[in-house]
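A.B. asks: A single structure is presented below for examination.
Please treat every number below as a calculation from the coordinates, not as lab data. Computed from a predicted model, the values in this text were never measured in an experiment. In this analysis, Cβ positions are derived from the backbone assuming ideal geometry, glycine residues included, and neighbour counts consider all displayed protein chains.
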Amino acid sequence: MKPRSLNRGFSIIDMIMGLGILAVAIVGIMTAQRAYVSMSSEVEVKLRAISLGNSVMNVIRMHRFDENVSDPWGASLGTDTGETTSADYDDIDDYAGATWDFSSDGFEGYSVLTRVFNVNLTSSWLDSVNVRTNYKRILVHVYNTSMDSSMVFSSIYAGIVVDD
């Protein structure tokens, strides 16, 4: 009869192989974690852009349709005489071509460009027409240095004429 060996356990080769497998697993986990952190910061930037864009759009939409309170609507888009700051704006087309830097308002690196133009819904609500219509399209572009392109918000605003 052969005597049994009482030396049972891991050899040095078993230990080296186990440590190698463990090292590969740790590298994989760290790579996935780095990608997750990168994605979460990108998501945070875009969520803040959405918040800012919705806020600016709501401010614009709280104003009346036009300087004139009924048809015929004003002939030109943009600020009117005496309107030098956004606090003076009283209708939505005053925001045509306005730009803001929101860095000092808690939105570091964010800026906004707004556009307002007349549209004719029978031909295209995407294209600007240079005639007075009962519809204006509002575009709010939100920019951030870490985003590849701007985030764009769009709305159609209707001037409603009430017959007496």
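A.B. asks: Rounded to the nearest 0.05, what FRET efficiency do residue 16 and residue 147 give with R0 = 45 Å and r taken as the Cβ-Cβ distance? Could you check? List each step's numbers first, then the result.
C.D. replies: Details: r = 47 Å, r/R0 = 1.04.
Plugging the Cβ-Cβ distance into 1/(1 + (r/R0)^6) gives 0.45.
A.B. asks: Another one. Roughly how many Å is it from the Cα centre of the range 23-84 to that of the range 87-164, as a whole number?
C.D. replies: Answer, in whole Å: 12.
A.B. asks: Helix 12-61: angle to the longest alpha-carbon principal axis of the chain, degrees 0 to 90, nearest 10?
C.D. replies: The answer is roughly 10 degrees.
A.B. asks: Rounded to the nearest 0.05, what FRET efficiency do residue 122 and residue 158 have when you use their Cβ-Cβ distance and R0 = 22 Å?
C.D. replies: Working: r = 14 Å, r/R0 = 0.62.
Result of the calculation: an efficiency of 0.95.
A.B. asks: Next question. Restricting to Cα pairs below 8 Å that are 6+ residues apart, what does the relative contact order work out to for the chain? Please round to a whole percent. It would help to have the intermediate numbers written out before the result.
C.D. replies: On the way: 217 pairs, mean separation 31.2, N = 164.
Relative contact order, the chain: 19 percent.
A.B. asks: Here's a follow-up. Farthest toward the dipole's positive end in the range 12-158, which of 85, 140, 73, given Cβ charges of +1 (Lys, Arg) and -1 (Asp, Glu) about the Cα centre?
C.D. replies: Projecting each Cα onto the dipole axis, the largest value belongs to 140.
A.B. asks: Most fluctuating residue of 127, 71, 14 in a GNM of the chain with Cα springs under 10 Å: which is it?
C.D. replies: Among 127, 71, 14, the largest GNM mean-square fluctuation belongs to 14.
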